[in-house]
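Novice: Submitted below is the structure of interest, expressed as structure tokens.
Derivation of every value follows stated rules applied to the coordinates shown; laboratory data play no part. What you see is a predicted model; the values in this text were computed from it and never measured.
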Amino acid sequence: MIVFITGATAGFGKATAELFASKGYDVIITGRRKEKLSLVEEDLKKRFKIKVLSLCFDVRHVEEVEKAVSSLPDCWKQIDILVNNAGLAVGYNPIQEGLIDDWDRMIDTNVKGLLYMTRQIAPLMIAKGKGHIINLGSIAGKEVYANGNVYCASKYAVDALNKSMRIDLLPHGIRVTSISPGLAETEFSIVRFKGDEQRAKNVYKGIEPLKAEDIAEAIFWAASRPAHVNILDIVLTAGAQANATTFIRKS
Ligand code: NDP
Ligand code: 8X3
């Protein structure tokens, strides 16, 4: 079995690659940071004795996505599961102060990148007559919060795409699942706050957030249900989080 995971140099993607590898899957991992990608590849090969293929590209660039997928040897094109995970939040401004470049990065990565990947890989699954696409949504794609504006909009778009691609792909035996986590501690907030580690830490202050491994388990559970079971959406939060805006923080 082959699982293709975008954004596996850190966070959920890396933890998901490790979990699938530990279960004997061969994995295709991607990301833009070549060194980190190579380290993950070496580590997975060493620890799990499975096959690993790493592809270094930016999901925002359609030509890079097309080249990466078309360059796969035929045996690697037999993809069983695609995890559309690569994504990010950038900035935390009210709409009237938003930076256009931040908006473009989020929309181009979270929405267009996911579409470019799906457009390349869904036909390979259709040719096999089966497959499973797992999209990383978010609690931010269910409810909005102050200053979340464009990030929330990008994840609402993922929610809509998840529902609509499920309809389009149903006749082809392809299951489509959304995983929609709340606060989880990864590189996410460091990226959102552009390297400000203290500000990133404050996001999780007084809370035990979800860990990348929790999300990996949800992804693996959805992917490993028998063929007659279709998991539409898993929304999961930390124990101290009730919805997008309600938390209990210990002082
Ligand atoms: P991380 O920042 O830890 O990891 C993000 C991954 O995405 C990295 O491997 C990064 O790799 C990759 N990535 C980002 N942009 C691109 C790009 N343009 N092209 C290719 N790869 C890219 O974040 P998380 O693991 O937390 O986030 C993973 C997904 O989960 C995202 O879609 C995020 O929106 C979503 N999510 C996160 C939550 C959280 O609280 N952490 C909660 C809900 C959803 P590289 O930099 O090497 O390219
Ligand atoms: C990430 C979770 O609540 O920071 O998608 O938007 S949140």
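Novice: Mind pulling the angle between the C-alpha long axis of helix 212-223 and the longest principal axis of the chain? Nearest 10 degrees, somewhere in 0 to 90.
Specialist: Rounded to the nearest ten degrees, it is 40.
Novice: List, in the order given, every pair from K23/K194; K45/K163; K23/K67; K67/K163; K130/K163; K67/K130 whose Cα-Cα distance in the structure shown is over 25 Å.
Specialist: On the way: K23/K194 35 Å; K45/K163 35 Å; K23/K67 29 Å; K67/K163 28 Å; K130/K163 18 Å; K67/K130 23 Å.
Over 25 Å Cα-Cα: K23/K194; K45/K163; K23/K67; K67/K163.
Novice: How about K34: which aspartates and glutamates have a C-alpha closer than 17 Å to its C-alpha, ignoring those fewer than 8 places off in the same chain?
Specialist: Filter leaves E42, D43, D58, E64, E187.
Novice: Under 1.5 on a/c is rounded, so check that first for segment 29-76, then, if it is not, pick prolate when a/b is larger than b/c and oblate when it is not; a ≥ b ≥ c are the square roots of the alpha carbon gyration tensor eigenvalues. Please list the in-between numbers first.
Specialist: Working: a/c = 4.06, a/b = 1.47, b/c = 2.76.
Oblate, since a/c reaches 1.5 and b/c is not below a/b.
Novice: Give me the log10 of I(q) over I(0) for the chain at q = 0.14, 0.15, 0.16 Å⁻¹, as the Debye formula computes it from C-alpha points; what are the numbers?
Specialist: -0.92, -1.06, -1.22
Novice: If one takes the longest principal axis of the Cα atoms in the chain, at what angle in degrees, from 0 to 90 and to the nearest 10, does the Cα axis of helix 11-22 lie?
Specialist: Between helix and principal axis, roughly 30 degrees.
Novice: What is the helix-to-structure angle for 34-48, meaning the angle in degrees between its Cα long axis and the longest Cα principal axis of the chain, kept from 0 to 90 and rounded to the nearest 10?
Specialist: 60
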